[in-house]
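The values are calculated or read from the model by the stated rules, or taken from the named source; none is laboratory data. Since the model is a prediction, treat every value here as computed from it, not as a measurement. Glycine gets a Cβ as well: all are built from the backbone with ideal geometry, and neighbour counts include every protein chain shown.
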Amino acid sequence: MQTKVLYLTDLKFNLETWKRELRFHFNEMDTFQEKLEEIAEREHGPDALVPLEAFQNRIMLEKSAISKLLHRIRSKMSNLHKTNLNDTQNGRLQNEHYPLKEDMRTYIKLHYEFKEEIMDYFSKWL
């Protein structure tokens, strides 16, 4: 039972860490949106505006993905709180945790690729 408590504590730590990271990224998207609006106000022309619209769309998609991941994390956290420590189903929580872990890994990879692209755009137009 001691091992199971440690395992559940580790899972909870992962979920809380992901939740903090996703909230940071969500706020970062708001900051990026503000910077895009600054560029739009400067009227640089179509060379700046075409990618600007694409970035705005990607920000909306990313915020949606963040919201969905946060929902899954809240659901997983709820399941952890309901877990019976005497349950004999070994590995069930780990198997349920794996898809979320892989989705977070993919999201983080895509987020940082997007961040590099938008930062390059900002350095060109701000």
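Points to keep in mind about this one:
- Here the condition is being farther than 17 Å from L100 by Cβ and part of a helix (DSSP H, G or I); of E37, E21, E43, E16, it holds for E37 alone.
- Members of segment 34-55 that are within 13 Å of L126 (Cα to Cα) and either within 26 Å of the chain's Cα centre (by Cα) or exposed (fewer than 13 other Cβ atoms within 10 Å of the Cβ) (or both): E34, K35, L36, E37, E38, I39, E41, R42, E43, L52
- Where a residue in segment 19-48 is more than 23 Å from L70 (Cα to Cα) and its partner, wherever it lies, is not in a helix (DSSP H, G or I), with Cβ under 8 Å and at least six apart: K35/L126; E38/L126; I39/L126; A48/R42
- Subset of segment 45-71 [in contact with a helix residue (DSSP H, G or I) (Cβ under 6 Å, 6 or more places away or on another chain) and farther than 21 Å from Y112 by Cα]: A48
- Residue under evaluation Y107, criteria (1) hydroxyl-bearing (S, T, Y); (2) surrounded by 13 or more Cβ atoms within 10 Å (Cβ to Cβ); (3) modelled with pLDDT under 95; (4) under 21 Å from the mean Cα position of the chain (by Cα), criterion not met: (3)
- Sole exception among (1) more than 18 Å from Q33 (Cβ to Cβ); (2) at pLDDT 95 or above for P51, by number: (1)
- Within segment 30-72, the set of residues being under 30 Å from L11 (Cβ atoms) and not small (G, A, S) comprises D30, L61, E62, K63, I66, K68, L69, L70, H71, R72.
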